[in-house]
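The values are calculated or read from the model by the stated rules, or taken from the named source; none is laboratory data. These numbers come from a predicted model, not from an experiment. Glycine also receives a Cβ, built like all others from the backbone with ideal geometry; neighbour counts cover every protein chain displayed.
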Amino acid sequence: MSSDIAVGIHDLSFASTEFVLPHTALAAHNGTEIGKYHIGIGQQSMSVPAADEDIVTMAAAAAAPLVAAHGSDRIRTVVFATESSIDQAKAAGIYVHSLLQLPSACRVVELKQACYGATAALQFALGLIRRDPAQQVLVIASDVSKYELDSPGEATQGAAAVAMLVGADPALLRIEDRSGLFTADVMDFWRPNYRDAALVDGQESINAYLQAVEGAFKDYSEQGGRTLEEFAAFCYHQPFTKMAYKAHRHLLNYCGADTDKEAVEAAIGLTTAYNTVIGNSYTASVYLGLAALLDQADDLTGRPIGLFSYGSGSVAEFFAATPVAGYREHLRTKANRATIERRTPLDYAGYRDLHQRTFPGDGGDHPTEAQTTGPFRLAALRDHKRIYEAR
Ligand code: HMG
């Protein structure tokens, strides 16, 4: 079904953490040749949350500028996508709803399917807008990517939140109805409820991702989707930025297209600028790629962008988004760069200390160390409840 109402992303903002660990510090600790990080996986640094930051503080910081710019009167739904959930029952979005003083006439829900969750949230939002174009939906993707210390996954950690205001007649991008879908039951990456660090079979996860690229694009084509040549650029989920290059080469091969190095760079290069310094932000990753592309590319008005969202386990979706006339006036390029530049570099010992911190599950009063200079903080865990503060 297709409709002539334009629906899509009206505004997009992102937040990250107080701290950042340069890969040079990790390499010096574990004796890795830095080329493996900088070139082999394409990562320069990774965002590290302060003791008083989590998915809620990042999400509220990402969404606050949207609410400040557009008000909240039309927001009747908040969909919070994450795979680093803080509670098995309560949706993290309810804390954000409270911190941002959103209207009580609102539904708030959390969605999960690894890194794919935000795309499910976006599609859910688009359906709601089609039903009632007067409403807006706040879609938030927020994650902290955490692997075991001294494991191969460690170099692919990171953290960020992206907030998107989704509505009719969007100021940034129109999202097309047609999607290519792919699901396969694979154990490439997972996190049982009793662990806070993910388990992963690295090579299996790369293979599963590439199979999903092929499967989702095959379905997209069978649904009558656009051809490769129609896209100005491709935004892939980026667990590490080199993965986008592997994915795009795989797609070109699958389609029998030329895998010329310059053509791949032209299609992918600009999308990696934020992810290479933030690291894997799971649900937020593909939308950070989109922000980086829009912030740096020449005018893309009317030129479709292909988005590929992948979540281990696995579910994938390929779809198209087209920048609308005047979109460049609504970008948050300066704020986005400031979000990246405001982070304070950690040394290896400081990073390790933060990585190992956990709250005891004893129901006591556990104030957090005041570290973040951001607009929201997790002040304590008290009586098994998370206590947040807005500055
Ligand atoms: P590893 O074993 O540390 O690294 O694991 P490697 O030996 O495979 O080397 C990585 C690359 O660096 C290779 O390049 C090397 O040749 C190169 P490739 O063959 O891949 O092109 N290399 C060098 N290059 C230049 N100079 C050097 C040098 N040395 C080596 N000196 C791995 C890497 C990514 C597997 C690991 O970090 C990992 O397990 N990460 C976590 C899993 C992951 O990110 N998987 C990605 C796909 S799954 C996904 O995207 C979903 C996910 O986001 C979760 C979700 O959905 O919720 C993870």
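Observations on the structure shown:
- Any hit, the range 325-346, residues being under 30 Å from E176 (Cα atoms) and among the aromatic types (F, W, Y): yes
- Helices (runs of 4 or more DSSP H) wholly inside the range 1-117 containing at least 2 residues that are within 16 Å of the ligand (Cβ to nearest atom): 23-30
- Entry remark, the range 85-112: residues being buried (at least 20 other Cβ atoms within 10 Å of the Cβ) and touching a residue at least 60 places away in the same chain (Cβ under 8 Å) number 2 in total.
- The residues on offer are S285, S312, and the sole one that is of a type in the set (G, A, S), near the ligand (Cβ under 10 Å from one of its atoms) and closer than 23 Å to T344 by Cα is S285.
- Criterion (closer than 30 Å to T183 by Cβ, among the acidic types (D, E) and either buried (at least 17 other Cβ atoms within 10 Å of the Cβ) or at pLDDT 95 or above (or both)) met by exactly one of D73, D54: D54
- Of all residues in the range 221-247, exactly one satisfies the criterion of being among the basic types (K, R) and more than 10 Å from the ligand (Cβ to nearest atom), namely R226.
- Within the set Q123, Q211, the sole residue that is more than 12 Å from the ligand (Cβ to nearest atom) and surrounded by fewer than 24 Cβ atoms within 10 Å (Cβ to Cβ) turns out to be Q123.
- Against the list (1) at pLDDT 95 or above; (2) in a helix (DSSP H, G or I), the condition Q238 fails is (2).
- Failed item, numbered, when D196 is tested on (1) acidic (D, E); (2) within 16 Å of the ligand (Cβ to nearest atom); (3) modelled with pLDDT of 95 or more: (3)
- Enumeration of residues in the range 178-199 that are among the acidic types (D, E) and surrounded by fewer than 15 Cβ atoms within 10 Å (Cβ to Cβ): D185, D196
Conditions (1) within 29 Å of L381 (Cα to Cα); (2) without any contact (Cβ under 8 Å) to a residue 40 or more places away in the chain; (3) in contact with a strand residue (DSSP E or B) (Cβ under 8 Å, 6 or more places away or on another chain); (4) of a type in the set (D, E), marked per residue:
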position: D4; (1), (2), (3), (4): no, yes, no, yes
position: T17; (1), (2), (3), (4): yes, no, yes, no
position: P22; (1), (2), (3), (4): no, no, yes, no
position: A27; (1), (2), (3), (4): no, yes, no, no
position: I34; (1), (2), (3), (4): no, yes, no, no
position: A50; (1), (2), (3), (4): yes, no, yes, no
position: A61; (1), (2), (3), (4): yes, no, yes, no
position: R74; (1), (2), (3), (4): no, no, yes, no
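- The range 352-391: number of residues that are over 28 Å from A25 (Cα atoms) and of a type in the set (S, T, N, Q): 0
- Contact annotation: residue pairs with Cβ atoms under 7 Å, 6 or more positions apart or on different chains, pairing a residue in the range 231-243 that is closer than 10 Å to N275 by Cα with a partner that is within 6 Å of the ligand (Cβ to nearest atom), are H237/C115; H237/Y310; P239/T156; P239/N280; F240/I41; F240/T156; F240/N280.
- Test: residue in the range 123-143 that is under 24 Å from N336 (Cβ atoms), among the small types (G, A, S), in a helix (DSSP H, G or I) and at pLDDT 95 or above: yes
- Comparison of R328, R352 shows that the only residue that is out of contact with any strand residue (DSSP E or B) (no Cβ under 8 Å at 6 or more places or on another chain), surrounded by fewer than 20 Cβ atoms within 10 Å (Cβ to Cβ) and touching a residue at least 40 places away in the same chain (Cβ under 8 Å) is R352.
- For beta carbons closer than 8 Å, sequence separation of 6+ or different chains, a first residue in the range 148-159 that is closer than 13 Å to R352 by Cβ and part of a loop (DSSP other than H, G, I, E, B) and a second that is aromatic (F, W, Y) and within 11 Å of the ligand (Cβ to nearest atom), the qualifying pairs are Q157/Y147.
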